[in-house]
1. Kindly sort M59, M92 by accessible area of their heavy atoms, largest first, with the probe set to 1.4 Å.
2. Is the range 58-184 best put as rounded, prolate or oblate by its Cα gyration tensor, with a ≥ b ≥ c the root eigenvalues, rounded for a/c under 1.5, and otherwise prolate when a/b is larger than b/c, oblate when not?
3. How would S100, S204 rank on accessible area, largest to smallest, probe 1.4 Å?
4. May I ask you to compute the full-extension gain from W260 to I49, defined as 0.36 nm times their residue separation minus their alpha-carbon distance, rounded to one decimal in nm?
5. Please give the contour-minus-distance gain from I112 to V17: 0.36 nm per residue of separation, less the Cα-Cα distance, rounded to one decimal in nm.
6. Please give, to one decimal in nm, the separation of the simple spin-label points placed at F246 and T93, each 7 Å out from Cα toward the Cβ.
7. Grab the Cα-Cα distance for W4 and E275, subtract it from 0.36 nm times how many residues apart they are, and report the gain in nm with one decimal.
8. Any idea of Y88's accessible area? Nearest 10 Å², probe 1.4 Å.
Amino acid sequence: MGSWHWALRVTPVMGAVCVVLVLLVMKDPPRGASEGGEKLKPTDWIVDIIELLRNRSFMWSTIGVTCVAFVAGALSWWGPTFLLNSIYVQGMTGTLAGVSLVFGVITVIAGILGVASGSGSSTYLKKKYPRADPLVCAFGMICSMPFLFVGAVLSKYNTVSAYVLIFFGETLLCFTWAVVADILLYVVIPTRRATAAAFQILVSHALGDAGSPYIIGAVSDAIALGRTSVLAKYHSLEYALFITCFVNVIGGFCFLVTAWYIVEDKAAADKVIKEAHCEELAEIKLKSNDVQEITMIDLGNGQFPINGEPQRPI
């Protein structure tokens with residue numbers, strides 16, 4: 001259609017279709033029904049936010065995925081321009097549209113492979129290692145850094161090698177997307193997950209990909225010092241994009257810290273859900289006038305006595 005504006009004209013229509021399907025077709029199951037926590041009572045929004053801020057695994061993983069969004073946003077915005085400059089430096093010709101198309105295809109394939117590989121490896125490893133989820137995320141972020149760094153350095157010598165290295169770097173970077181969502185689901189109680197998801201999305205985009213293109217561009221302009229030669233543009237943007245390598249390492253460190261707390265935080269969330277389930281069972285017994293049989297309920301790390309001295313655990 002000859003204009004990028006059509007992308008913005010079509011997407012609202014697709015969004016409207018999704019809204020209609022959600023309203024007419026989608027069934028919303030009770031929160032926590034699969035875990036026995038459907039009787040959990042929701043708390044005030046302020047209380048939810050305070051508890052989320054105290055949830056160390058959630059907060060550190062949120063900072064980590066914000067770093068992922070920062071790197072992804074910077075690469076998607078400036079990657080094609082940088083590679084086009086590298087083509088000019090080599091004395092060859094190219095167009096931004098052509099480079100953007102190749103870069104976009106690489107990004108899509110890397111995203112699919114990265115999400116599938118990260119999710120599959122964490123699912124397999126979590127059977128033996130309960131801290132596998134954040135460790136997989138840390139592995140992806142830290143290992144993607146050298147690929148992106150070397151790809152940027154080699155781009156002025158061989159564009160194809162840069163494409164290949166960036167592909168592997170983006171694939172490793174995408175290890176985190178599905179795994180972070182899984183972490184949120186089991187370290188946050190059901191009635192608080194919607195707020196947690198909204199909070200994480202807001203923070204990751206507001207502090208990540210919303211600002212990273214501007215930051216990289218501003219740093220590149222500062223390094224260029226007004227020089228307009230192709231070589232100056234190439235090197236100034238190259239040095240600015242090196243910021244993403246440092247952000248990668250910071251994100252990897254955040255996921256390593258998440259691994260330190262995740263077992264404890266998951267156990268705390270499971271305990272709250274189990275307590276709610278046990279209280280529900282107790283209410284059912286009380287309503288059936290079978291009070292004598294209710295003595296105590298096992299909460300995993302202790303017992304909850306009901307109506308006097310316990311006689312027989314349920």
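1. Values: M59 45, M92 95 Å².
Ranking M59, M92 by accessible area, largest first, yields M92, M59.
2. Working: a/c = 2.61, a/b = 2.44, b/c = 1.07.
It comes out prolate by the Cα gyration axes.
3. Values: S100 50, S204 10 Å².
Largest accessible area first, the residues go S100, S204.
4. Details: separation 211, 0.36 × 211 = 75.96 nm, distance 2.21 nm.
Gain on stretching W260 to I49: 73.8 nm.
5. Working: separation 95, 0.36 × 95 = 34.20 nm, distance 2.44 nm.
So the chain would gain 31.8 nm between I112 and V17.
6. 4.0 nm
7. Details: separation 271, 0.36 × 271 = 97.56 nm, distance 5.36 nm.
Between W4 and E275, full extension yields 92.2 nm more.
8. The value for Y88 is about 90 Å².
The values are calculated or read from the model by the stated rules, or taken from the named source; none is laboratory data. None of the values given here were measured: they were computed from a predicted structure. Here Cβ is always computed from backbone atoms with ideal geometry, including for glycine, and neighbour counts include all displayed protein chains. To get the accessible areas, we keep the full protein, side chains included, count just its heavy atoms, and leave off ligands, DNA and RNA. Shrake-Rupley method; radii C 1.70, N 1.55, O 1.52, S 1.80 Å.
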